[in-house]
Amino acid sequence: MAEPVRARRLTQEEGRKLQQLVRRGKHDSVRVRRALIIMASASGTPAPAIARLTAGHEDTACDVIHAFNEIGLRALDPQWAGGRPRRISDDDEALIVATAKARPSTLGRPFTCWSLRKLADYLATDAARTVDVGRERLRQILRRNEVSWQRTRTWKESNDPDFDAKLDRIEEVTSRFPNRCFAFDQFGPLSIRPHHGRGWAPRSHPGRLPATYRRTHGVRYFHGCYSLGDDQLWGVNRRRKGADHTLSALKSIRRARPDGAPIYVVLDNLSANKTPAIRAWAARNGVELCLTPTNASWANPIEAQFGPLRMFTMANSNHPNHTVLARKLQKYLRWRNANARHPDVLATQRRERARVRSERQQRWGRPGPRPPDRSDPVNVHGQRTSC
């Protein structure tokens, strides 16, 4: 005589899961009924009694118990067969996704992008492999595979042959000589027009700016200088970018350290920033020009300072002319420099950045900054500038 069908002993996790399903009963009725069958059988209830408890057939209770003994709690979710066979296989779906991500011109079609109709027609008429799929089903397949209709994006990569060497030099001077390192760049063009921005206002009643305007004032460029050690930013507005204005800015930077010791100026690789006259003046006055790589102005430390400058002087404004704009810029710069961060805080932040940069370089196999030596220049207070 065959032994009665009974579920195996439950583990603690299985028991908690089944008890949760049976008590709450908020899940699918099939899962609740199957959990009840397994739980009752594991506690010693015979199959005929379980069938009466669940208002089902005894064979169904036995099938659930056998399935649980074989695959565990996966038996709560039956994989019933039936229905129409799949018309699109996994290989067909992979082909659909690959075709959608390919440019139509590479597949012999005279257009630059796919629509759902064009993609479905191509798949249905492809001589190599035909896939008959409707547009709605095609959309569902693409969405499930995370392929969506998107705008193209542009990218720009520096082709400077000395890219790594220039970045290494900038990292070296900013980490070893922060008190003698400066940055220069042009910010603009600055135009006289309403500039939208953000500000606090009553809900659904934002600040208003005129929508119609005429640009009759021309443009200006802010020539900014930034001292890394002192966290000071200064500059003037100019009508244009030019080598004469760059030289004037470099002279103002040189006057910030009148001791005659070398200083280092990070600036963009712009033709107006590296004329023969500028290079000759820099060589005579102990100024090293650390040029950023081509298309890599983000390596200039002053770029981070232009964000707040634009936000607090240009955004949410409607200046009447360039004279007023220049006054607002200078007023903000005076406030900013008066509220600059404490030098001790800046030194701590520089040490932390140096530590993070060293760890990153070691992780990627790049050499870290070389340690300071006794030949490092000193600042105006007689203190060594290396950190």
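Of Ala261, Ala94, Pro46, which is farthest along the charge dipole of the chain in the positive direction, counting Lys and Arg as +1 and Asp and Glu as -1 at C-beta?
Most positive-ward Cα: Ala261.
When only alpha-carbon atoms are used, what values of Rg and Dmax, in angstrom, describe the chain?
Computed over the Cα atoms of the chain, radius of gyration and Dmax are 35.8, 109 Å.
Simple spin-label model, 7 Å along Cα-to-Cβ: Ile71 to Arg284 in nm?
Modelled inter-label distance: 8.7 nm.
Would you mind telling me which residue in Arg137, Arg215, Arg193 has the biggest mean-square fluctuation in a Gaussian network model of the chain, where springs connect alpha carbons within a distance under 10 angstrom?
Largest GNM mean-square fluctuation: Arg137.
Per 0.36 nm of contour for each residue apart, how much would the distance between Thr130 and Arg214 grow if the chain were fully extended, relative to their Cα-Cα spacing?
Extra length from Thr130 to Arg214 when fully extended: 24.4 nm.
Between Thr154 and Ser43, take the C-beta separation as r, use R0 = 45 Å, and let me know the FRET efficiency to the nearest 0.05.
The calculated FRET efficiency here is 0.10.
So how far, in whole Å, is the C-alpha centre of region 90-149 from the one of region 247-273?
About 58 Å separates the Cα centre of region 90-149 from the one of region 247-273.
Stretched out fully, how many nm does the piece from Glu146 to Ala55 gain, at 0.36 nm a residue minus the Cα gap?
That works out to 28.4 nm of additional length.
Considering only the other residues whose Cβ falls under 12 Å of the Cβ of Asn300, what net charge follows from Lys and Arg at +1 and Asp and Glu at -1?
Overall, the nearby charge balance is -2.
Between Ala304 and Lys274, what FRET efficiency comes out of the Förster formula 1/(1 + (r/R0)^6) with R0 = 22 Å and r the beta carbon distance, rounded to 0.05?
Once the sixth-power term is evaluated, E becomes 0.45.
If I build a Gaussian network model for the chain, linking alpha-carbon pairs within less than 10 angstrom, which residue out of Thr323, Thr125, Thr313 has the largest mean-square fluctuation?
Comparing Thr323, Thr125, Thr313 in the GNM, the peak value goes to Thr125.
What does the net charge come to around Ile38 if you take all other residues with beta carbon closer than 14 Å to its beta carbon, with K and R at +1 and D and E at -1?
+4
About the Cα centre, and with charges only on the beta carbon of Lys, Arg (+1) and Asp, Glu (-1), how big is the dipole of the chain? Nearest 20 debye, please.
Here the size comes out at about 2000 debye.
Let me check against my output: what whole-number percent is the relative contact order of the chain, with C-alpha pairs under 8 Å and at least 6 apart?
Computed over the chain, the figure is 14 percent.
Among the lysines, which fall within straight-line cross-link reach of Lys251, defined as a Cα-Cα distance under 18 Å, with same-chain neighbours fewer than 8 residues apart omitted?
Lys241, Lys274
So what's the net charge close to Arg87: Lys and Arg +1, Asp and Glu -1, counting the other residues with Cβ under 13 Å from its Cβ?
-2
At 7 Å along the Cα-to-beta-carbon direction for both Lys251 and Asn337, put a label point, then send me their distance in nm to one decimal.
Calculated label separation equals 1.8 nm.
At 1.4 Å probe size, with every protein chain present, just tell me what the per residue accessible area of the chain comes to in Å².
Each residue of the chain exposes 65 Å² on average to a 1.4 Å probe.
Going by average Cβ neighbours within 10 Å, how do the peptides 178-188, 105-115, 147-157 rank, with the highest at the top?
Descending packing order for the listed peptides: 178-188, 105-115, 147-157.
When ranked by the protection proxy of mean other Cβ atoms within 10 Å per residue, highest first, what sequence do the peptides 11-23, 41-53, 289-301 form?
So the order, starting with the most tightly packed, is 289-301, 41-53, 11-23.
Using 1/(1 + (r/R0)^6) with R0 = 45 angstrom and r between the beta carbons of His196 and Trp80, what's the FRET efficiency to the nearest 0.05?
0.15
With all protein chains present, how much of the accessible area of the chain (probe radius 1.4 Å) comes from carbon and sulfur, to the nearest whole percent?
C and S atoms contribute 51 percent here.
Could you work out the helix-only [θ] at 222 nm for the chain, with each DSSP H run of four or more residues adding -39,500 (n - 2.57) and the total divided by the number of residues, to the nearest 500 deg cm²/dmol?
-13500 deg cm²/dmol
The values are calculated or read from the model by the stated rules, or taken from the named source; none is laboratory data. Treat the numbers as computed from the prediction; the structure is a model and nothing was measured. All Cβ positions, glycine included, derive from the backbone under ideal geometry; neighbour counts span all protein chains shown. These accessible areas exclude ligands, DNA and RNA; they are computed on the full protein's heavy atoms, side chains included. Shrake-Rupley method; radii C 1.70, N 1.55, O 1.52, S 1.80 Å.
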